[in-house]
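Everything below concerns the one structure shown next.
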Amino acid sequence: MPVISLEKARQHLDLWLDAEAAIATGQSYRIGSRSLTRADLDMVAQRINYWSHQVNRLERGGSGMRTFRTVPRDL
């Protein structure tokens, strides 16, 4: 799993927020016989949630790795 910096995570979040704003101004349009359909808003919302989580995790200093501790017992 690649290591992502807080700065890079914020850049990705900003890109997805910009994408959401672009979609909000018009999902699709047609000029003559040509048409353009923008990305699916639900997918963009999922990516915004993902990158928001990553930014929050990195701001807290978390690596996402969990540490487990076991205690050996002789039963």
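The values are calculated or read from the model by the stated rules, or taken from the named source; none is laboratory data. Note that the structure is a prediction, hence the values are computed from the model and not measured. Backbone-built Cβ (ideal geometry, glycine too); neighbour counts: all protein chains shown. These accessible areas exclude ligands, DNA and RNA; they are computed on the full protein's heavy atoms, side chains included. Shrake-Rupley method; radii C 1.70, N 1.55, O 1.52, S 1.80 Å.
Of the numbered conditions (1) assigned to a loop (DSSP other than H, G, I, E, B); (2) at pLDDT 85 or above; (3) open to solvent by 60 Å² or more (accessible area, probe 1.4 Å), Arg47 fails exactly one; give the number of that condition.
All conditions are met except number (1).
What pairs come out if I take residues in region 1-24 that are in contact (Cβ under 8 Å) with a residue 12 or more places away in the chain and surrounded by 13 or more Cβ atoms within 10 Å (Cβ to Cβ) and pair them with residues that are not basic (Lys, Arg) and not in a helix (DSSP H, G or I) whose C-beta lies under 6 Å away, six or more apart or interchain?
Nothing qualifies.
For region 5-44, give me each residue that is among the polar types (S, T, N, Q) and either in a loop (DSSP other than H, G, I, E, B) or closer than 21 Å to Glu59 by Cα (or both).
Within region 5-44, Ser5, Gln11, Thr25, Gln27, Ser33 meet the criteria.
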